[in-house]
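These notes are about the structure you will find just below.
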There are 2 protein chains.
Amino acid sequence: MSMDFNSLAQQFTEFYYNQFDSDRTQLGNLYRDESMLTFETNQLQGAKNIVEKLVSLPFQKVTHRITTLDAQPASQNGDVLVMITGDLLIDDEANPQRFSQVFHLIPEGSSYYVFNDIFRLNYSA
Amino acid sequence: MSMDFNSLAQQFTEFYYNQFDSDRTQLGNLYRDESMLTFETNQLQGAKNIVEKLVSLPFQKVTHRITTLDAQPASQNGDVLVMITGDLLIDDEANPQRFSQVFHLIPEGSSYYVFNDIFRLNYSA
């Protein structure tokens, strides 16, 4: 990969949210057996369990809107860390919910997979 | 370290914010030359540059209040990833600001240092 970590992070994140918002049953390709997802208070490991969780979320229409996206190299091996903050628009709710998410991406051949994935809604104080 | 990653993440984060809020000139011990900080749109590398940035922030009194703290193992080598969301109370401002922060911690002897640090305020939409 000759792509710099900022471009990689941006392209990955846009691809991920587009896939999530259009057909989240296909997200399993981005995870491996050792991958971990923390979704609110739920902790899951492995592509199969992670996709089952994401598919089971109780909404039909969903749109992620990115507000901030920051990336850093996370190792000497090409790993990339991405933190995103943004808005989540669910079904016909009038008000978006704020969210924060972090991905730890690991290179694999000419692509990347998700090793760590932590997602939290930002509740109002 | 016999400590599990959740306990480590919690202890580290509490220590970090207590140190930040009481005397942030001492935070340099937690970073190394290869450490990176993204603070809003500023990117810095190295303990010296990172602490200079943190010390230069234009507030006197500051308090971090943790709302959520989630951790995952980030490698086979004991690395730990932590994502925190919370409130930042600055000087005499009446309203706290929401923030999101991620730390990538790497073991070193019987302790850990910060390799990645990304901090963002969550602006209202």
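Annotations for the structure displayed:
- Checking A:Asp91, A:Asp79, A:Asp87 one by one, the residue that is in contact with a Leu (Cβ under 7 Å, 6 or more places away or on another chain) and among the acidic types (Asp, Glu) is A:Asp79 and no other.
- Listed by first and then second residue, the pairs linking a residue in segment B:86-98 that is under 19 Å from A:Arg98 (Cβ atoms) to a residue that is buried (at least 16 other Cβ atoms within 10 Å of the Cβ) and modelled with pLDDT under 90, with Cβ atoms under 9 Å apart and 6 or more places separating them unless they lie on different chains, are B:Gln97/B:Asn122; B:Arg98/A:Asn122; B:Arg98/B:Asn122.
- Residues of segment B:102-125 that turn out to be more than 8 Å from chain A (Cβ to nearest Cβ) and assigned to a strand (DSSP E or B), as a count: 12
- Taking the criterion of being aromatic (Phe, Trp, Tyr) and surrounded by fewer than 18 Cβ atoms within 10 Å (Cβ to Cβ), the only residue of segment B:28-67 that qualifies is B:Phe59.
- Look at segment B:8-23: where a residue is over 16 Å from B:Gly86 (Cα atoms) and a partner is assigned to a helix (DSSP H, G or I), sitting 6+ places away or on another chain with Cβ atoms under 9 Å, you get B:Gln19/B:Gln26; B:Gln19/B:Leu27; B:Gln19/B:Asn29; B:Gln19/B:Leu30.
- Residue in segment B:1-20 that is charged (D, E, K, R), open to solvent by less than 60 Å² (accessible area, probe 1.4 Å) and at pLDDT 95 or above present: no
The values are calculated or read from the model by the stated rules, or taken from the named source; none is laboratory data. Note that the structure is a prediction, hence the values are computed from the model and not measured. Cβ coordinates were reconstructed from backbone atoms using ideal geometry, including for glycine residues, and neighbour counts include every protein chain displayed. The protein model used for the area step is the full one, side chains on, heavy atoms only, and it has no ligands, DNA or RNA in it. Shrake-Rupley method; radii C 1.70, N 1.55, O 1.52, S 1.80 Å.
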